[in-house]
Amino acid sequence: MQVEARDAVLLCESCYRRLRRHLEDAADLVGHLRSIADPTKAAAYDRVRVQSSSIEIPAPVAADLIDASNDITTTLNMWANHVAGEDRPGAGLPAGVMADAAHHIVQLAVDVILEDLDALANDSHQIGALCDGVVVVNGGAPEVWTVADAAVRWPLEDSPRWAHAACPKCDLMAVRVQPGRNGRPARYRCSTEGCDWEANSNDDGGLWASVFAEPAPAEVRPHDPRWLTLVDAARLVERTTGTVRRWVQQNLLEPQLGRYWQDDVLAVAALKKGEAA
Ligand SMILES: [Zn+2]
Ligand SMILES: [Zn+2]
């Protein structure tokens, strides 16, 4: 299949979306790494409450966690500096930083980068390097950890559900829906091996939000012709729709799902006729 470049962007659509997803996840991921590396520092972030003495993480694992969270922070701070017009190295995390503080540091950088992502994606001198630092999976214990490396090794728990519609690319019922969090849009990702389709609920004019929406519950009640529309109710008793609405406002009549029970309409009309007489 022909790869289509995102409009006015040097990246193809799926690479752009993968890059965006990893950037959006970076702060949660670093917070997650910090709370596994040192559960006593989890604080409010993971709401992990553990006795520090009961936790034994083998030294190399803890070192990887610290390296990974520090590398990601350094990379993202460097890119945030670049976007701000200052080409200088990015700061890492302070030693022993709390998970929620680490999350905050990374989120600040990410917000700056995301704001400028379309411009970066159009910059042939920058986009390759940004992808190398964020989405490339090196595997094992890499020299410099990317966001994607850490996401593979210590995945974020996001409890996605299966979508009720097929993937628009491979046509299989293999799309997973991850609800939006932290003010971010919901995501749809195909889980078919080799299919890299993904989108969020804002992409393509919000199309995917409707395609992958939870099916609405079936109508509770089959339509009974004695449930009248406002217009039919008014016509039945030879009144205006405004009059019938006024009966509703006076609590004489109670519509259900916008419809009016025929006998109730007749009863109220008879009552009103009696009052007028
Ligand atoms: Zn691509
Ligand atoms: Zn697919």
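The values are calculated or read from the model by the stated rules, or taken from the named source; none is laboratory data. Keep in mind it's a predicted model, so treat the numbers as computed, not measured. Reconstructed Cβ throughout: ideal geometry from the backbone, glycine too, with neighbour counts over all protein chains shown.
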Legend entry - Restricting region 146-163 to residues that are assigned to a loop (DSSP other than H, G, I, E, B) and under 13 Å from His22 (Cα atoms), the residue that is farthest from ligand 2 (Cβ to nearest atom): Thr146
Inset, instruction - List every residue pair whose Cβ atoms sit under 6 Å apart, with the two residues 6 or more apart in sequence or on different chains, where the first one lies in region 180-202 and is closer than 20 Å to Glu157 by Cα and among the small types (Gly, Ala, Ser) and the second, anywhere, is within 8 Å of ligand 2 (Cβ to nearest atom) and modelled with pLDDT of 90 or more. - result: none
Legend entry - Set Ala102, Ala163: member being within 14 Å of Ile72 (Cα to Cα) and not polar (S, T, N, Q): Ala102
Inset, instruction - May I ask you to verify whether Ala267 is surrounded by 15 or more Cβ atoms within 10 Å (Cβ to Cβ) and modelled with pLDDT of 90 or more? - result: no
Inset, instruction - Of the conditions (1) away from ligand 2 (no atom under 16 Å from the Cβ); (2) touching an Asp or Glu at 6+ places or on another chain (Cβ under 7 Å); (3) modelled with pLDDT of 75 or more, Arg17 clears all except one; give me its number. - result: (1)
